[in-house]
Amino acid sequence: MKKMNLEEYKGVYVFAQQVDNQLSSIAFELIGKGKDLAADLGTEVTAILVGSGVKDLADELAAYGADKVIVVDDPELKDYRTEPYTHAVASVIEKYKPEIVLVGATAIGRDLGPRVSARVKTGLTADCTVLEIGDFPLNPIPGKEQKHNQLLMTRPAFGGNTIATIACPDNRPQMATVRPGVMQKREKVEGAKAVVEEFNPGFTPDNKYVEILDVVKSVVDTVDIMDAKILVSGGRGVGSPENFKLLEDLADAIGGTVSCSRAVVDSGWKPRDLQVGQTGKTVRPNVYFAIGISGAIQHVAGMEESDIIIAINKDETAPIFDVADYGIVGDLNKIVPMLTEQIKAVVKK
């Protein structure tokens, strides 16, 4: 196999996910991170925008920091389907030769990322929590070349019990998926313009193009916990689904939203879209109440960026107290109603 000329590959590229011609928040988060990486490499951030009739979304990508937008616009790309989207993104990579490609670890990105990386014969690090530019190996090894300006991709490994830093030193692009909510988008700059380039590799439907018979949208009347400013989160220690009423009362009093840990979802007490943690959603509210949550590393990974963390747990050795700004050791059945009453009294004033 011919060895890649790594010098040919330049720039940080971000897959800008859109659904129904609306950009997903993850696109802006990845551009934000991409700008940091591009600054370290002295290069630019390019968004790959794939869809049908989506050209007018380019300005919004520019407003969040994209220097350039490559638009792949074709009727075959109206709805997400694995094969035409893979063909679109892989063709962009083959033509423009980016050094780094970032994809959101959404339902779409988890399907698209591995398929694209296989198509362009490179590696993919999934579910990254930290991305930075540095040397690889991290510490020099006698007799082995230490390469500089590598993308160092950090992710939880072995069920979240350890953290692994991975690089892709011999292939390009260096590809990573990042879960929504982990990276921070930049402030929007109104009126910003990006260089827009249209590219269409041609789409010929074949037996790998699935046919979409029907799209059924789930209707949820809950707030997306990733957007909530105050979260009242319960774990197995809450004791029962009925007992979540205590947390709902507190959330109502303080204007917050109820969320939960994985144990609660696994027990069938709450739906998965309310789960915080490594296998749930990453949240960064202003205030996070961790009630009856022990604080396993997998849960903490999803909420440690919260501005203020308040833990209530009867076990004083619970690891949640290591990350909490305020901790109360005691019975949540007594403490939560008292807290709710106090907050109601203050709000009334």
Among the residues of region 307-335, which ones are in a loop (DSSP other than H, G, I, E, B) and either β-branched (Val, Ile, Thr) or over 18 Å from residue 156 (Cβ atoms) (or both)? 307, 314, 315, 316, 317, 318, 324, 325, 330, 331
Yes/no for residue 94 being under 22 Å from the mean Cα position of the chain (by Cα) and surrounded by fewer than 23 Cβ atoms within 10 Å (Cβ to Cβ): no
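The rows are residues; the columns are (1) hydrophobic (A, V, I, L, M, F, W, C); (2) surrounded by fewer than 20 Cβ atoms within 10 Å (Cβ to Cβ).
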| position | (1), (2) |
| --- | --- |
| 267 | no, yes |
| 283 | yes, no |
| 299 | no, no |
| 311 | yes, no |
| 322 | no, yes |
| 327 | no, yes |
| 337 | no, yes |
| 345 | yes, yes |
Take residue 27 and decide whether it is touching a strand residue (DSSP E or B) at 6+ places or on another chain (Cβ under 9 Å), over 20 Å from residue 226 (Cβ atoms) and buried (at least 19 other Cβ atoms within 10 Å of the Cβ). no
Only one residue in 298, 278 is part of a loop (DSSP other than H, G, I, E, B), in contact (Cβ under 8 Å) with a residue 40 or more places away in the chain and among the polar types (S, T, N, Q). Which one? 278
Considering region 283-301 alone, what residues qualify as being modelled with pLDDT of 90 or more and under 18 Å from the mean Cα position of the chain (by Cα)? 283, 284, 285, 299, 300
Would region 192-199 turn up any residue that is of a type in the set (Asp, Glu) and over 30 Å from residue 36 (Cα atoms)? no
Take the residues in region 137-191 that are β-branched (Val, Ile, Thr) and surrounded by fewer than 18 Cβ atoms within 10 Å (Cβ to Cβ), then tell me which one is farthest from residue 106 (Cα to Cα). 141
Within region 1-25, work out how many residues are among the aliphatic types (A, V, I, L, M) and modelled with pLDDT of 90 or more. 5
Please state which one of 35, 55, 68, 78 is without any contact (Cβ under 8 Å) to a residue 40 or more places away in the chain and either in contact with a strand residue (DSSP E or B) (Cβ under 9 Å, 6 or more places away or on another chain) or among the hydrophobic types (A, V, I, L, M, F, W, C) (or both). 78
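The values are calculated or read from the model by the stated rules, or taken from the named source; none is laboratory data. All values reported here derive from a predicted model rather than from experimental measurement. Virtual Cβ from ideal backbone geometry, glycine too; neighbours counted across all protein chains shown.
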